[in-house]
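See structure below.
The values are calculated or read from the model by the stated rules, or taken from the named source; none is laboratory data. Computed from a predicted structure; not experimentally measured. Cβ coordinates were reconstructed from backbone atoms using ideal geometry, including for glycine residues, and neighbour counts include every protein chain displayed. The protein model used for the area step is the full one, side chains on, heavy atoms only, and it has no ligands, DNA or RNA in it. Shrake-Rupley method; radii C 1.70, N 1.55, O 1.52, S 1.80 Å.
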Amino acid sequence: MKRVIIPALLVSFSFASVIEEYLTNLKNEVIKEKPDFKGFDTKRGEEIFTSKHLGKKGKEISCSSCHGIDLTKSHQNFFTAKVIEPLSPKANPQRLTDKKKIDKWLKRNFNDVYKREGTPKEKGDVLSFIMSK
Ligand code: HEC
């Protein structure tokens with residue numbers, strides 16, 4: 001008799017999305033320094049995203065200068081005028097699905113606006129804000 005073997009074990013399920021894991025890792029980093037940390041805050045994230053700072057190129061810019069105020073809409077890059085697709089994962093499902101891309105652009109974009117890397121708390125706050133949009 002022939003038997004069919006179903007390769008059930010080859011199918012793996014992943015329950016936490018990339019961004020959920022990303023935020024959990026950031027949260028664990030914050031807790032290392034601050035054990036009573038309560039969690040990320042979209043209001044602080046909004047302030048980080050919309051406030052202007054003297055950026056890397058000597059111009060007053062914010063994250064919104066390139067990504068806009070309405071994150072469900074595309075916007076022009078402040079320096080190159082190239083169109084940037086919406087940052088909101090609700091409007092653009094590819095957003096926040098690739099860890100390397102999040103790492104790369106957060107590092108680069110914090111440098112553009114703040115002339116330094118974001119702290120784990122700032123990154124968690126701003127990502128929570130983006131996800132809420
Ligand atoms: C000078 C223009 C500019 C500024 C200022 C800027 N960004 Fe970006 N950002 C980009 C570009 C360009 C990309 C990559 C192209 C793309 O993904 O559409 C990007 C990509 C991203 C991504 C990757 C999202 C993904 O998963 O696809 C995140 C997150 C992000 N930016 C957050 C921020 C935050 C937070 C700030 C403020 C600290 C900021 N950006 C400021 C231009 C900018």
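Count, please, the residues in the range 42-71 that happen to be β-branched (Val, Ile, Thr), closer than 15 Å to ARG116 by Cβ and open to solvent by 10 Å² or more (accessible area, probe 1.4 Å). Please lay out each step first, then the result.
In the first step, residues of the range 42-71 are kept if they are β-branched (Val, Ile, Thr); the result is 42, 48, 50, 61, 69.
Right, trim to closer than 15 Å to ARG116 by Cβ and you get 48, 61.
Keeping just the survivors that are open to solvent by 10 Å² or more (accessible area, probe 1.4 Å) gives 48.
Summing the residues that are β-branched (Val, Ile, Thr), closer than 15 Å to ARG116 by Cβ and open to solvent by 10 Å² or more (accessible area, probe 1.4 Å) in the range 42-71 gives 1.
Give just the number: which of (1) within 9 Å of the ligand (Cβ to nearest atom); (2) assigned to a loop (DSSP other than H, G, I, E, B); (3) surrounded by fewer than 13 Cβ atoms within 10 Å (Cβ to Cβ) does ARG108 not satisfy?
Just one mismatch for ARG108, condition (2).
Here's a check for you: in the range 75-95, which residue that is open to solvent by 30 Å² or more (accessible area, probe 1.4 Å) and over 23 Å from HIS53 (Cβ atoms) is nearest to the chain's Cα centre (by Cα)?
Just the residues of the range 75-95 that are open to solvent by 30 Å² or more (accessible area, probe 1.4 Å), to begin with: 75-85, 89-91, 93-95.
This time we only want the ones that are over 23 Å from HIS53 (Cβ atoms), so: 83, 85, 89-91, 93-95.
Values: VAL83: 19, GLU85: 14, PRO89: 10, LYS90: 13, ALA91: 14, PRO93: 13, GLN94: 12, ARG95: 8 Å.
Among those that are open to solvent by 30 Å² or more (accessible area, probe 1.4 Å) and over 23 Å from HIS53 (Cβ atoms), it is ARG95.
Being assigned to a helix (DSSP H, G or I), more than 10 Å from the ligand (Cβ to nearest atom) and under 21 Å from VAL18 (Cβ atoms) narrows it down to one of LYS100, LYS32, LYS121, so name that one.
Values: LYS100 fails: more than 10 Å from the ligand (Cβ to nearest atom); LYS32 fails: under 21 Å from VAL18 (Cβ atoms).
After ruling out the rest, the residue left standing is LYS121.
Please state which of the following conditions LEU26 fails to meet, knowing it meets all the rest: (1) within 11 Å of the ligand (Cβ to nearest atom); (2) open to solvent by less than 20 Å² (accessible area, probe 1.4 Å).
(1)
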